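Worksheet: one structure, shown below.
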Amino acid sequence: MTDAAARRDTAFIGHPIGLAWLTSAEMFERFSYYGMQALLPLYMAMTLLRPGHVEHIWGFVVFRRVLEVFGPLTPLALGSGIFGFYTSAVYITPILGGLIADRLTGRTLTVTMGAILMAIGHFLMAFEQSFLIALACLILGTGLFKGNISSQVGDLYGPGDPRRADAFQIFLFAIQIASIVTNLVCGTLGEVYGWHWGFGAAGIGMLIGLAAYLAGRPTFPPDPKAKGADPAHAAAPPLGADDWRRIAVLAALVPILAMSMVGNQQGFNIQLIWAKSAYQLTFFGHTMPVTWLLSISGVVSAFTIAASAGFWRWWATRWREPDELSKIILGVALMVCGQLVLACASTVVAVTGHRVGLGWAMAYNILNCFGFANMLPIGMALFSRAAPKGMASSVIGLYFLNNFAANLAVGWLGGFYEKMTPTAFWLMHAGIMGAAVLLLIAVKLTVGPHLAPAYDAPDVGSKPLPAT
């Protein structure tokens, strides 16, 4: 490697300069996505799906018939179903995006097409008539963009380069920053000045992300050849009976993990509607946009992810580190406690007739975010560790199906909000997630040691190890 190439390879805080461009592109893409996601349930419930507006949406009569196959829905329930459809579909289309990139167009062109489609979708959201077309552009664009740009991050490093894991931490931290900033920008513009301003800001963010991606393209590695032409891919070892059993167990875990996620994902949907009437949001004569609660959650989440990683690193130097299933069980149990906080807050509102302070929101966020930090990324580590040799990418793709199922469930469960008291609504979520805890314990006790063997004990001399 020449001196110039060596400098480029460490030009961005010890990483290739291409990581800076890819991280910037992803950060602005997530800025646009999370801004859109925060505004969508409020926009539908408060404006779009109400009489005088819903009639203007092109093709909505047919689309509504599909969603109302089991009976008519109120505007709030209908909006929740649309939200669930949208947020689940974006976890399915990356499979299509990967196939298109691998077999036809290559990653660079596929990512570019995805970014353009998403920008178009965000701008079309500013018009009631083009609502369904906008959703279609956003769903397909995310599928083309999301998985392929993550793959390009990995391509920056050789197979044995230890910087790869650190690079993805930087990549994910940028996503967390985007989730904080976008609710302050897009959320405020949409709630205070008009929905079209918020959606327009999301579209501008996507164009900035596309510009960063194209500007950095010379620093990315060339697109790899199609998998069919890759000798290593063709030589992947055949799966044995033990491999198939592990895949079957991992597939069975997907719906359980989806049950575990319903409370967290409802935080982007009905929880915003509930929060507008449950929390005290007026300070010194000014009302805080409810979407700012998502920024608060983002700040707490960034802290809890770092704190959890640091805690388990410290724990592992003194005691045997718990396996992934144990951490996931702990995480989901904490998330259940978060739902119980919402149920208690709802009870206080019902009994007193007054809104509750944001201390309740902080209590929920701390419990939920600590739980999330020990559930979602740890689940990915479990699936990666248990994957048969040569199938890690496919098994990680299987893992993300829990997001698809969870968001579908969130949309359906949101339809019950108007039929139940808020307390009962959040207790329902706590019950579903509590059932997931029991199922996860059953999995750990039956096939846990086979799926994820215990880690080696640390070298602590003659000090006895506590049981785990």
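Filtering S384, S295 for residues that are open to solvent by less than 20 Å² (accessible area, probe 1.4 Å), in contact with a helix residue (DSSP H, G or I) (Cβ under 7 Å, 6 or more places away or on another chain), of a type in the set (S, T, Y) and assigned to a helix (DSSP H, G or I) leaves a single hit, S295. Scanning region 191-207 for residues that are open to solvent by 10 Å² or more (accessible area, probe 1.4 Å), touching a residue at least 24 places away in the same chain (Cβ under 8 Å), within 20 Å of A45 (Cβ to Cβ) and among the hydrophobic types (A, V, I, L, M, F, W, C) yields V192, W195.
Taking (1) over 30 Å from T47 (Cα atoms); (2) open to solvent by 10 Å² or more (accessible area, probe 1.4 Å); (3) assigned to a helix (DSSP H, G or I) in turn, I133 satisfies each apart from (1). When region 12-30 is examined, which residues are found to be closer than 17 Å to G209 by Cβ and open to solvent by less than 10 Å² (accessible area, probe 1.4 Å)? Listed by number, the residues that qualify are G18, L19, L22, A25, E26, E29. Within the set A363, A333, the sole residue that is without any contact (Cβ under 8 Å) to a residue 60 or more places away in the chain, open to solvent by less than 50 Å² (accessible area, probe 1.4 Å), touching a helix residue (DSSP H, G or I) at 6+ places or on another chain (Cβ under 7 Å) and farther than 19 Å from I273 by Cβ turns out to be A363. Evaluate region 41-51: report whether one residue or more is in contact (Cβ under 8 Å) with a residue 24 or more places away in the chain, within 18 Å of T291 (Cα to Cα) and among the basic types (K, R). Looking for residues that are in contact (Cβ under 8 Å) with a residue 24 or more places away in the chain, within 18 Å of T291 (Cα to Cα) and among the basic types (K, R), one finds none in region 41-51, hence no. Take R164 and tell me if it is at pLDDT 90 or above, touching a helix residue (DSSP H, G or I) at 6+ places or on another chain (Cβ under 8 Å), open to solvent by 10 Å² or more (accessible area, probe 1.4 Å) and among the charged types (D, E, K, R). No, not satisfied.
P289 meets the conditions (1) surrounded by 15 or more Cβ atoms within 10 Å (Cβ to Cβ); (2) in a helix (DSSP H, G or I) in every case but one. The failed one is (2).
Is there a residue in region 384-403 that is farther than 25 Å from G448 by Cβ, under 16 Å from the mean Cα position of the chain (by Cα) and in contact (Cβ under 8 Å) with a residue 60 or more places away in the chain? Scanning region 384-403, I find no residue that is farther than 25 Å from G448 by Cβ, under 16 Å from the mean Cα position of the chain (by Cα) and in contact (Cβ under 8 Å) with a residue 60 or more places away in the chain, so the answer is no. Could you tell me whether region 440-452 includes any residue that is modelled with pLDDT of 95 or more, of a type in the set (A, V, I, L, M, F, W, C), open to solvent by 50 Å² or more (accessible area, probe 1.4 Å) and under 30 Å from A361 (Cβ atoms)? So far as region 440-452 goes, yes, one or more of its residues are modelled with pLDDT of 95 or more, of a type in the set (A, V, I, L, M, F, W, C), open to solvent by 50 Å² or more (accessible area, probe 1.4 Å) and under 30 Å from A361 (Cβ atoms).
For region 345-359, the tally of residues that are assigned to a helix (DSSP H, G or I) and surrounded by fewer than 21 Cβ atoms within 10 Å (Cβ to Cβ) stands at 8. Of all residues being polar (S, T, N, Q) and over 15 Å from the mean Cα position of the chain (by Cα) in region 280-306, which is farthest from L358 (Cα to Cα)? Just the residue, please. Looking at the filtered set, the residue picked out is T304.
For region 309-319, state whether one or more residues are touching a helix residue (DSSP H, G or I) at 6+ places or on another chain (Cβ under 9 Å), in a helix (DSSP H, G or I) and open to solvent by less than 20 Å² (accessible area, probe 1.4 Å). No, that holds for no residue.
For region 239-279, a tally of residues being in a loop (DSSP other than H, G, I, E, B) and within 23 Å of the chain's Cα centre (by Cα) returns 3. Restricting attention to region 88-102, does a residue exist that is of a type outside the set (A, V, I, L, M, F, W, C) and at pLDDT 90 or above? Looking for residues that are of a type outside the set (A, V, I, L, M, F, W, C) and at pLDDT 90 or above, one finds at least one in region 88-102, hence yes.
Considering only region 148-158, I want to know if a residue exists there that is of a type in the set (S, T, Y) and either at positive phi or touching a strand residue (DSSP E or B) at 6+ places or on another chain (Cβ under 9 Å) (or both). Yes, region 148-158 contains a residue that is of a type in the set (S, T, Y) and either at positive phi or touching a strand residue (DSSP E or B) at 6+ places or on another chain (Cβ under 9 Å) (or both).
Looking across region 98-112, just one residue is hydrophobic (A, V, I, L, M, F, W, C), in contact with a Leu (Cβ under 8 Å, 6 or more places away or on another chain) and open to solvent by 20 Å² or more (accessible area, probe 1.4 Å), and that is I100. Evaluated against (1) open to solvent by less than 40 Å² (accessible area, probe 1.4 Å); (2) more than 23 Å from the chain's Cα centre (by Cα); (3) not aromatic (F, W, Y), L124 falls short on exactly one condition, (1).
Each residue in region 69-97 was checked for being in contact with a Lys or Arg (Cβ under 9 Å, 6 or more places away or on another chain), crowded, with 19+ Cβ neighbours inside 10 Å and assigned to a helix (DSSP H, G or I), and 5 of them qualify. Looking across Q280, Q266, Q271, one residue alone is surrounded by fewer than 21 Cβ atoms within 10 Å (Cβ to Cβ) and modelled with pLDDT of 95 or more. It is Q280.
Residue by residue, here is whether (1) more than 30 Å from I177 (Cα to Cα); (2) among the hydrophobic types (A, V, I, L, M, F, W, C); (3) modelled with pLDDT of 95 or more holds:
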residue	(1), (2), (3)
I13	no, yes, no
F31	no, yes, yes
G35	no, no, no
M44	no, yes, yes
G71	yes, no, no
T74	yes, no, no
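The values are calculated or read from the model by the stated rules, or taken from the named source; none is laboratory data. Nothing here was measured: the structure is a model prediction, and the numbers come from that model. All Cβ positions, glycine included, derive from the backbone under ideal geometry; neighbour counts span all protein chains shown. Just the protein is used for accessible areas: all its heavy atoms, side chains included, with ligands, DNA and RNA removed. Shrake-Rupley method; radii C 1.70, N 1.55, O 1.52, S 1.80 Å.
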